[in-house]
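Here the structure comes first, spelled out in structure tokens, and everything after it is commentary.
The values are calculated or read from the model by the stated rules, or taken from the named source; none is laboratory data. Owing to the predicted nature of the structure, the values given are computational and were not obtained by experimental measurement. Here the Cβ positions follow ideal geometry from the backbone for every residue, glycine too, while neighbour counts run over all protein chains shown.
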Amino acid sequence: MNSVKKLAVIFPGLGYHTDKPLLYYSKKIAARDGYEIREVPYGNFQKGVKGSKEKMEEVFLSALRQSKEILKDVDFSLYDDVLFLSKSVGTAVASAYGGRHGLVTRNVYYTPVEASFQFMTQPGIAFTGTGDSWVDWHVVRDGCEKGGFPLYVIDGADHSLETGDIDKDLENLREIMAKTREYIRCGTTYASEGGR
């Protein structure tokens, strides 16, 4: 029997590490579906990034450099299915990293920032909230439309896709993870049938 080798790489956000809900549960879903998990724990960023394009660019470039170092020993050619799970600035980092290394990836983009869209060329799905103070959700909608990415918009949700109403947030999280699982499994089936 020919088994498919699958890798999921987790690119966190600026203050949104891999043990916060979106990345924590999505990596558990990927692991359960047979993906080897590789986290990219970049960090040591300056403060006061929000609202400053210059500082955001510095954070992006630093995270990209750190990602290259952290992932230097990964031979992506060994995998039939490479999945990137990314959050916020991590969506730009994951996309730029994949592009610079000529990788074929599938992506789950949680709350992409505006700068991400210049690098997002690989297929994926995206999530954003109408109350996101880091990026206007209309910018995300327009970027997803141009790039052909299915977008799921959470009404009233902030940059963490939370509304402040715990019951509503749990309900939303369940729906977000259902869409994530559906996307991950769709690719698993596709890869196992020999598609790319």
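Here is how the numbers come out for the structure above:
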item: Some residue of segment 68-87 being hydroxyl-bearing (Ser, Thr, Tyr), closer than 26 Å to Arg181 by Cβ and in contact with a Ser or Thr (Cβ under 8 Å, 6 or more places away or on another chain); result: yes
item: Matching residues in segment 76-94 - criterion: being among the hydroxyl-bearing types (Ser, Thr, Tyr) and in a helix (DSSP H, G or I); result: Ser77, Thr91
item: Candidates Ala96, Ala115, Ala157, filtered to the one that is under 22 Å from Val82 (Cβ atoms) and touching a helix residue (DSSP H, G or I) at 6+ places or on another chain (Cβ under 8 Å); result: Ala96
item: Strands (runs of 3 or more DSSP E) fully within segment 97-161 counting 2 or more residues that are out of contact with any Leu (no Cβ under 9 Å at 6 or more places or on another chain); result: 151-154
item: Positions within segment 2-45 being in a strand (DSSP E or B) and either more than 18 Å from Ile70 (Cα to Cα) or in contact (Cβ under 8 Å) with a residue 60 or more places away in the chain (or both), in sequence order; result: Lys6, Leu7, Ala8, Val9, Ile10, Phe11
item: Any hit, segment 92-111, residues being at positive phi and modelled with pLDDT of 95 or more; result: yes
item: Condition met for Ser62 (among the polar types (S, T, N, Q), more than 14 Å from the chain's Cα centre (by Cα) and either at positive phi or loosely packed, with under 13 Cβ neighbours inside 10 Å (or both)); result: no
item: Residue within segment 80-88 that is of a type outside the set (A, V, I, L, M) and over 14 Å from the mean Cα position of the chain (by Cα) present; result: yes
